[in-house]
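The values are calculated or read from the model by the stated rules, or taken from the named source; none is laboratory data. Everything numeric here is computed off the predicted structure, so don't read it as measured data. Cβ placement follows ideal geometry from the backbone for every residue including glycine, while neighbour counts extend to all protein chains displayed.
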Amino acid sequence: MFEFLWKWKKAATQEEARQPESNATPSQAVAAGTQLHYDPNLVPNLVSDHHALLGIFGEIAAAMEQKNMPRTKEKLGEFGDALRGHLLKENVRFYVYLQHSLEGDTENAAIMHEFRKEMQHIGKAVADFLHKYTAEGEWDEGMWQSFQQEVGGIGKVLTKRIETEENILYPLYLPQQEYR
């Protein structure tokens with residue numbers, strides 16, 4: 001689903017994302033049709049990823065204000081790596097578990113599917129943005145102005161997305177026995 005985002009990630013990172021956190025006990029029920037156990041640390045880890053992503057984004061903005069292109073590009077690359085890792089974890093461990101867990105709850109399943117679909121569009125837009133500004137050689141004044149406009153828009157979209165994920169989507173992630 002997000003293949004375009006992690007083509008640069010190593011296979012080991014993908015394998016780590018599939019593994020349950022060490023605090024998930026094997027005796028816990030798995031989501032139907034999967035081998036995924038509820039992980040009480042998954043949502044806090046995803047929230048921690050959000051904080052890290054916002055921190056890196058702040059560093060991008062600071063480098064941009066100084067018109068420090070090497071630092072800006074470095075931070076864009078770091079942001080891209082962190083975002084790919086987060087989306088991989090979210091897609092493989094969070095969405096798959098939720099999709100199977102919400103099979104009998106059409107209302108919440110619809111909410112989850114809409115979030116997932118929207119994230120595909122956001123992920124594609126961010127990947128395009130990152131490619132545009134990391135692949136380009138030296139930036140002229142027009143490129144800097146374009147970057148400044150686009151980075152503001154990307155920041156607003158990501159901030160709103162993080163807020164809605166944490167307040168609406170993440171509370172749907174529950175141990176199996178708590179679903180209807």
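Every residue, every condition in (1) among the aliphatic types (A, V, I, L, M); (2) touching a Lys or Arg at 6+ places or on another chain (Cβ under 9 Å); (3) under 30 Å from Gln35 (Cα atoms), yes or no:
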site: Gly137; (1), (2), (3): no, no, no
site: Gln148; (1), (2), (3): no, no, no
site: Ile154; (1), (2), (3): yes, no, no
site: Thr159; (1), (2), (3): no, no, no
site: Pro171; (1), (2), (3): no, no, yes
site: Gln177; (1), (2), (3): no, no, yes
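Evaluate the following for His100: is it at pLDDT 95 or above, surrounded by 15 or more Cβ atoms within 10 Å (Cβ to Cβ) and more than 20 Å from Glu65 (Cβ to Cβ)? In short, no. One residue alone among Arg93, Arg71 is modelled with pLDDT of 95 or more and either charged (D, E, K, R) or within 20 Å of the chain's Cα centre (by Cα) (or both), and that residue is Arg71.
Of all residues assigned to region 162-171, none qualifies as being at negative phi, modelled with pLDDT under 95 and surrounded by 16 or more Cβ atoms within 10 Å (Cβ to Cβ). Looking at region 35-54, can you tell me whether even one residue there is farther than 20 Å from Ser146 by Cβ, exposed (fewer than 15 other Cβ atoms within 10 Å of the Cβ) and modelled with pLDDT under 95? For region 35-54, residues farther than 20 Å from Ser146 by Cβ, exposed (fewer than 15 other Cβ atoms within 10 Å of the Cβ) and modelled with pLDDT under 95: present.
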